[in-house]
Every structure is written in structure tokens, then in C-alpha cells.
Amino acid sequence: MNTKEKILAVSLELFSEKGFSAVSVRDIAAAVGVRESAMYKHFASKQAVFDRLVTDYLARSDEFMGGIHALPTDDPAVLSQVAAIYKNLSDEDFLRMGGSVFTDFLMQPDVLQFWRMISIERFHDKDLAKLWNHHLFETPIAFQTKLFGALIEAGALKLVDPSILALEFYTPLLLLYLQALPFETDGPEFKLAVELASQHMKHFREIYAVKEEN
């Protein structure tokens, strides 16, 4: 990593452990191994570092979710295309795709650090509280409501209120993640979360998916 990347990585680690307010520019510089003046060559302030961490995370999240066709959208044509993809997934592919959100994204060290950081700072910053709610609650549930509606129209899911389906599907997954968030990814807490998430998705599909008759 170059110096700028080191500053971001070290800052994220420190912010996620101690909180933004408890970490100084001097702390970051010392951990990176540079003078404070070198910090200001790359970032105008500690807040600028924090803002960049948020921007980078949101871009990375969009890239990952786009890769599994789960990027939130209000475009009916795109929703229809996504619904067609999900309709044709086998049970194994559905579970693999859902599980990848945990294993390939949410459990990555820097992503864990990001949400630990936000979980601390949301009590001190209303904008971060809104970000927490928006990205962990409001946006996923709103998107899944639309997606489940499209899947119902496509005949892939049983006729149930899609907003209720979204709550039933997403809330347990979020609960499992938040419950395991303070712990290490190789510990029993995360292993149990991944196992239960897989069981939940399988159970949900067994209940609500419309199986084609042979």
C-alpha cells in the first residue's frame, strides 16, 4: 500500500476499535509511521479521512451487490430482469449467492471494521445514524419488497404481501450479522451466524418458492 492507502487502512482500524472522537491525527500518523505533516499532504483533516472511508465503502458495496444482481433499483425493467435471474436459480445457487453476502463481503475484515466504526459513531452523529438505518434497514427491505413483488408476478413466489416477505427474509439475516459483528470471523459466533443464515434461506425458499411441476 502507498501512504494514502495506509492512512485509510490504519484509520479504519483505529476508528473501529476506539471510535472517531477518541483517535487523533497524531495517533493515526504514529500508527502509520509518518509525521503529522505527511498526513495533511493526503487529507485535509481527520474528518476527510472518515468521509473517504464512507465513500469507499459505499462504492465497494454497490460493486459487490451489482455482481450478485442485488443492487437496489426502482427501474421496473431492471427489476423484471433481476427477478428472471432469481427465478431460474437452483436451490444450491440461491443458497450459494445468499451465503456469499456473508462470506465474500460482510465478513471481510475492512467491512467488519467499517460497520463497527459506524455502530459506535451513530450515537454521536445523526447523519451516521441515518446511514446506518438507510443501508442496513431501509434500502435492503425496500429493494427486496420490490424484488419479491416482481417474483410473485413472475410466478416464482407464492401470493403473499411482498413487504411482509421482505421482513421475513431480511430481518433474521441482519440480526445474525449484528449479533456476530463484535466477534472474530473465525470464531464460533460467526460460524453459527453463517450456518443459521443458510438454514433460514433454505427454509424461506421451501415455504414461499413456487416449484415447477415435472
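We did not get these values from a lab; they are worked out from the coordinates using the rules stated. All of these numbers come straight from a predicted model, not from anything done at the bench. Backbone-built Cβ (ideal geometry, glycine too); neighbour counts: all protein chains shown.
Assuming 0.36 nm per residue, please report the length gained on full extension of the stretch Phe94 to Leu192 beyond their Cα-Cα distance. All intermediate terms of the calculation are to be shown ahead of the outcome.
Working: separation 98, 0.36 × 98 = 35.28 nm, distance 1.94 nm.
Full extension of this stretch gives 33.3 nm more.
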Worksheet item: If the label point is 7 Å along Cα→Cβ of Ala30, which residues in segment 1-16 have backbone nitrogen under 14 Å from it?
Response: 14
Worksheet entry | Rounded to whole Hz, the Karplus (6.51, -1.76, 1.60) HN-Hα couplings of segment 127-133, x for glycine and proline | 5, 6, 4, 5, 4, 4, 5
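Just subtract the alpha-carbon distance of Thr73 and Thr3 from 0.36 nm times their residue separation and send over the number in nm, one decimal.
Working: separation 70, 0.36 × 70 = 25.20 nm, distance 3.63 nm.
Full extension of this stretch gives 21.6 nm more.
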Fill in: Cα long-axis angle, helix 139-153 against the chain (0 to 90 degrees, to the nearest 10)
20 degrees
Practice prompt. Step through the table entries Lys87/Lys158; Lys18/Lys126; Lys18/Lys46; Lys130/Lys158; Lys6/Lys41; Lys130/Lys191, compare each Cα-Cα distance with 22 Å, and write down the pairs that go over it.
Written response: Lys130/Lys158; Lys130/Lys191
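Would you list Phe20, Phe148, Phe94 from fewest to most Cβ contacts within 10 Å? If you can, show how the numbers build up before the last one.
Values: Phe20 21, Phe148 24, Phe94 16.
Lowest to highest Cβ neighbour count: Phe94, Phe20, Phe148.
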Worksheet, complete the sentence: Per-residue Cβ contact counts at 10 Å, fewest first, order Lys158, Lys126 as Lys126, Lys158
Discussion item. Just to be sure I understand the model, the point goes 7 Å from the Cα along the line to the Cβ. What's the resulting Thr139 to Ser21 distance in nm?
Written reply: 2.6 nm
Worksheet item: With each label point set 7 Å from Cα along the Cα-Cβ vector, what nm distance links Ala48 and Lys87?
Response: 5.1 nm
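Report D for the chain in µm² per second (integer): Stokes-Einstein, Kirkwood Rh on Cα pairs, 10 °C, 1.306 mPa s.
Working: Rh = 19.0 Å.
Value of D from the Cα-based Kirkwood radius: 84 µm²/s.
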Worksheet item: How do Met39, Met97 rank when sorted from fewest to most other Cβ atoms within 10 Å of their own Cβ?
Response: Met97, Met39
Fill in: Built amide H within the under 5 Å cut-off of Leu157, gap 5+
Ile152, Val210
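Report the local net charge at Ser61: Lys and Arg +1, Asp and Glu -1, summed over other residues whose C-beta lies under 14 Å from its C-beta. Each step should come with its number before you reach the end.
Values: positive: Arg60; negative: Asp56, Asp62, Glu63, Asp104, Asp110.
So the environment of Ser61 carries a net charge of -4.
Within 13 Å, Cβ to Cβ, of Phe94, how many net charges do the neighbouring residues add up to if Lys/Arg are +1 and Asp/Glu are -1? Don't skip to the answer; put the middle values down first.
Values: positive: Lys87, Arg96, Lys202, Arg205, Lys211; negative: Asp91, Glu92, Asp93, Glu206.
Value of the local net charge: +1.
Can you compute the FRET efficiency between Gln108 and Ile207 using 1/(1 + (r/R0)^6), with r the Cβ-Cβ distance and R0 = 25 Å? Round to the nearest 0.05. Before the final figure, lay out the partial values.
Working: r = 31 Å, r/R0 = 1.22.
It comes to 0.25.
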